[in-house]
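Chemist: Provided herewith is a single structure, encoded as structure tokens, for subsequent inquiry.
Just so it is clear, none of the values below were taken in a lab; they were calculated from the coordinates. Only a predicted model underlies this, so the values are computations on that prediction, with no experimental measurement involved.
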Amino acid sequence: MALAIHPEPIPLKTNIDGVVCVAGTRVTLDTIVASFNEGATAEEIVQQYPSLSLADVYSVISYYLRERSTVDAYLQQRQSEAKTVRKQNQERFDSRGIRDRLLARRKEHGAA
């Protein structure tokens, strides 16, 4: 009997926000690549994120290793976008004095 060999699709999908996630989960490509680059094995990644299957993690790691420059460019773009959003949030929401404001609000509502 001959072994039937057929290509498996890479289990990655882009969500509504443009973030690449493992299909059927909310675990991002960023998360898997970061864990892998920090030395985690596929098995350890699955233990940390039980919504993932071992086969999918191996497939994503394989994709990353084959397309490293493309994935790294995507990850750099995501980091740049995150910095921009963080800066915009810091400009819009002044965190100075937040503790005092929260304590004052708590006092107004009679909490001890």
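Chemist: How large is ³J(HN,Hα) for each residue in the range 70-85, as worked out from phi by the Karplus curve 6.51 cos²θ - 1.76 cosθ + 1.60 (θ = phi - 60°), to whole Hz, x for Gly and Pro?
Modeler: My calculation for the range 70-85 gives 5, 5, 4, 5, 4, 5, 5, 4, 4, 5, 5, 5, 5, 4, 4, 5 Hz in order.
Chemist: Which option, (i) 41, 18, 12; (ii) 21, 16, 13; (iii) 25, 16, 12, is the value of semi-axes √(5λ) of the Cα gyration tensor in Å that was calculated from these coordinates?
Modeler: Answer label, from the structure shown: (i).
Chemist: Right, something else. Based on the alpha-carbon gyration tensor of the range 53-100 and its eigenvalue square roots a ≥ b ≥ c, which shape applies: rounded if a/c is under 1.5, prolate if not and a/b is larger than b/c, or oblate?
Modeler: oblate
Chemist: Whole angstrom only: what separates the Cα centroid of the range 53-75 from the Cα centroid of the range 25-52?
Modeler: Value for the Cα centre distance between the two parts: 11 Å.
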